[in-house]
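A short worksheet on the structure shown next.
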Amino acid sequence: MKNVSLKIDDSIFRETEKILSRIKKPRNRYINEALNYYNRLQRRLILEKKLKKESELVKKDSMSVLKDFEEIDYVD
């Protein structure tokens with residue numbers, strides 16, 4: 001494990017302490033779980049942004065191919 005020193009806003013610290021006293025969880029464990037949750041959230045947001053960018057890159061070509069298919073005269 002790594003040691004980290006951080007500064008927390010007073011209001012966030014007070015709220016966290018109230019919650020910790022109710023759920024009976026060590027502060028260190030709570031912060032680790034919070035960071036893990038936030039990291040997963042950020043990875044999902046990064047992936048979403050990447051997928052949107054890639055989708056925009058192929059959008060024009062996809063629409064062109066779709067138009068070509070629509071113009072094909074299918075004969076039975």
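Just a few scattered comments:
- Condition met for LYS53 (within 23 Å of the chain's Cα centre (by Cα), exposed (fewer than 10 other Cβ atoms within 10 Å of the Cβ) and on the phi < 0 side of the Ramachandran plot): yes
- Subset of segment 19-39 [of a type outside the set (S, T, N, Q) and surrounded by 10 or more Cβ atoms within 10 Å (Cβ to Cβ)]: ILE19, LEU20, LYS25, ARG27, ARG29, TYR30, ILE31, GLU33, ALA34, LEU35, TYR37, TYR38
- LYS49 satisfies every condition listed in (1) assigned to a helix (DSSP H, G or I); (2) under 23 Å from SER5 (Cα atoms) except (2).
Bear in mind these aren't lab numbers, they're just calculated from the coordinates by the rules spelled out. In this text the structure is predicted, and so the values were computed from the model without any measurement. Virtual Cβ from ideal backbone geometry, glycine too; neighbours counted across all protein chains shown.
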